[in-house]
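A quick write-up on the structure given underneath.
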Amino acid sequence: MSVPKASLQPTLRYQDLDRAYVAGQWIAGTTTFKVNNPATGELLAEVADLSPEQIDQSIDAAAEALPAWSAKTAHERSAILKKWHALLLANAESLAQTMTAEQGKPLAEARGEVGYAASFLEWFAEEAKRAYGEVIPTAFAGKRYSTIRQPCGVAVAITPWNFPIAMLTRKVGAALAAGCTMVAKPAAETPLCALAIAKLAHEAGVPPGVFNVVTTTRAAEAGEVMCRSPKVRVLSFTGSTAVGKRLYRQCADTMKKLALELGGNAPLLIFDDADIDRAVEGAMISKFRNAGQTCICANRIYVQSGIYAEFTARFTQKVAALKVGNGAEDGVVIGPLISAKAVQKVDRLVRDALAKGAKVLVGGAAHTRGGHFYQPTVLEGIGAGMDILGEEIFGPVAPLIRFETEAEVLAKANDVSVGLAAYVFTRDLSRTIRLTEGLQSGIVAVNDSVPAVAVAPFGGVKESGLGREGGRQGLDEFLDTKYVCIGLA
Ligand code: ADP
C-alpha cells in the first residue's frame, strides 16, 4: 500500500459535500450535523440535516421521476449505469480517501471497497437486460399464459456506515436497473461517501429524482416517513437486527416488499484436517477486516482439538503484529472503531467474557493511543453464558473455542438466532458437503474468507433477514412478476 501523494487532490472534496441531493438539486436541511474523522476527531464537514417533511418531499420527487425512468428500455438504463460505474472507477482514489476520512478503514481496504462498490453498478447494468419473463405451456387449448416483470415503483434504501459506498451501490444499482427510482438514507456517520456517489450519478446522467440522497440525524423519524408512505413500494435496509425488525413491523400496513440485510454471528470452523496456513490467513482476514466491523466477520472461531495449539500460537502471533492507527497512514491494517460507543460495546463483551473465565492471549482492552481505537484481541476459554457468543462483536476481538467432533461443532454453530455467513476450513470433501448443507446460514465459505462479490447472492436466514442482494437474485427485490392470461377468440 502506498501513502497518498501530497499532490493528489481529491476531485470530490469532502468539504464540499454538505448538502442533500433531491430531485437533481443540492438542498440544505433545517439544520446541519457534524461529520468527524473517527481516527483523529477532525471535523470533516457540516452536512444538511433534513426534516421528516423534507424526506417526504424526496419520496414525491422519486415518485414523479418514476414513469419516465421505468419507461426507458433496459438498454438505456444500462448505459447510464455503466457511465456511473466508469465514473466511480475514475474517481476511485478520491472516494477511497473520503471513505477513510469519515469511516476510518485503512486506505487499502477503502480502495478495495470502491472497486467492489463499482462492480455492482456494472453487474446490474448487465442484469437489467436479462429481466426475463416467461411463456408458460398452456393448460387449456383456448388460453395462453405468460409473465412479465415490472419495476415495483419507488424504493427506499437505508444503509449503514461500515461499507458506506458498497452497501449503497448494491441497492441502487439493482433498483435503477429494474426501473425503480430510489431515495437513499445513509448513516449519519458516513454521509459524505453517499453524497459523493450522488455527484457522480448526476454527472453520469441519472435523471433528476431517479436517485436521491437524504442526509439526516433523525433516523427513526425518517424511517417512519419512509415506511408509512404508500408511494414507497420497496424498502431495502442493511443494519442491525433490532432496527430491521422495527422496519419490518412499520412496513406491514402498506405491505411493502422488503429486503433486510441484518446482523450475523458468523461461526468459523477449523478442522484438524485443514490447511493450517490457509486457516490462519482466512481467520485473520475474516476477523479483522474493517477492524472487525462487518456483518460477516467471524464472530466465533471454533478450532478442533488436534490443531488447536498450533493454530492458536500462529494466529495469536499474527494478531499481536497488527499495526493499529489512522487508516490514512502507511502500513496500518486496523483503523479506529466508528465511535466511542462502539469501543464501549466491544469492551463490555470482553469484560463479561473475562469475568466469566475467559483468558486474554493478546490485547484485551481499549488501545493506549486512546480515541476510538481498540487493541486487536484474542481470547480463549470461551464458554456458554458469555455474551460474546450471542452478540455481534463488531470489533477486533477473536474468541477461540476448542471443539472435539463435527456433530458437536455443527450444533454449536447453529445454536444462534441469526444466520448470515459461516466459514469452514477442511480438506475433507464429504465433511464439506455435510457442512455446506447443515450450516444454517445464507452464505457458507469453504477454505475462503471473502465470499462477498457482485455476481453472487448475499443475504441471511433466520433473524439475519430477508431477500438477497447482488447476483441474479438481487434484481428480483425490485421487480414484480405479472401473470398475463390471454383467452383466444
Ligand atoms: P448500526 O448499529 O450498525 O449503526 P443501525 O441499524 O442502527 O446499525 O443503523 C443502520 C442504518 O439504519 C443507519 O442508516 C441508521 O441511521 C438507520 N437507523 C437507525 N435507527 C433507525 C430507525 N429507527 N428507523 C430507520 N432507520 C434507522
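Remark: the Cα gyration tensor places the chain in the oblate category, a/c being 1.5 or greater and a/b not exceeding b/c. Computed from backbone phi with θ = phi - 60° and the Karplus coefficients 6.51, -1.76 and 1.60, the 3J(HN,Hα) list for the stretch 185-201 is 10, x, 5, 5, 6, 9, x, 5, 4, 5, 5, 5, 5, 5, 4, 6, 4 Hz; x is used for glycine and proline. Using only DSSP helix segments of four residues or longer, with each worth -39500 (n - 2.57), what per-residue ellipticity at 222 nm results for the chain after dividing by its residue count and rounding to 500? Helix contribution divided over all residues of the chain: -12000 deg cm²/dmol.
Among the trypsin sites (Lys or Arg not before Pro) in the stretch 344-448, those placed in a DSSP loop whose Cβ has at most 16 other Cβ atoms within 10 Å are Lys356, Arg369, Arg427.
Relative contact order, whole percent, for the stretch 266-452 stands at 29, derived from Cα pairs under 8 Å and 6 or more residues apart.
Between the Cα long axis of helix 241-250 and the first principal axis of the chain there is an angle of about 20°, rounded to the nearest 10.
In loop segments of the stretch 138-214 as defined by DSSP, the chymotrypsin sites (Phe, Trp or Tyr not before Pro) with at most 15 further C-beta atoms inside 10 Å of their C-beta are Phe140. Summing Lys and Arg as +1 and Asp and Glu as -1 over all other residues whose Cβ lies under 11 Å from the Cβ of Pro160 gives a net charge of -1. Compute the distance from the alpha-carbon center of the stretch 338-380 to that of the stretch 144-222, in whole Å. Their Cα centres are 35 Å away from one another.
Near Val455, the amide H atoms lying under 5 Å from its own belong to Gly471; only residues 5 or more places off or on other chains count, and H is placed 1.01 Å from N. Rounded to whole numbers, the Karplus 3J(HN,Hα) couplings from phi for the stretch 142-157 are x, 10, 10, 10, 8, 10, 10, 10, 10, x, 5, x, 6, 10, 10, 10 Hz, using 6.51 cos²θ - 1.76 cosθ + 1.60 with θ = phi - 60°, and x at Gly and Pro. For the residue pairs Lys412/Lys462; Lys231/Lys345; Lys245/Lys341; Lys345/Lys412; Lys185/Lys462, the C-alpha atoms sit more than 27 angstrom apart in Lys231/Lys345. Between helix 340-355 and the chain there is an angle of about 40 degrees, using the helix long axis and the longest principal axis of the Cα atoms. Applying the Karplus relation 6.51 cos²θ - 1.76 cosθ + 1.60 with θ = phi - 60° to the stretch 273-283 yields 3J(HN,Hα) values of 8, 6, 6, 5, 4, 5, 5, 5, 4, x, 5 Hz, where x marks Gly and Pro.
Normalised by the number of residues in the chain, the average gap of Cα pairs under 8 Å and 6 or more apart makes the relative contact order 18 percent.
Of the trypsin sites (Lys or Arg not before Pro) found in the stretch 307-339, the ones in coil according to DSSP and having at most 13 other Cβ atoms within 10 Å of their Cβ are Lys323.
Bear in mind that the values in this text are calculations on the coordinates, not laboratory data. Bear in mind that the values here come from a model prediction, so they are computed numbers and not experimental data. Note that we place each Cβ from the backbone using ideal geometry, even for glycine, and neighbour counts take in every protein chain shown.
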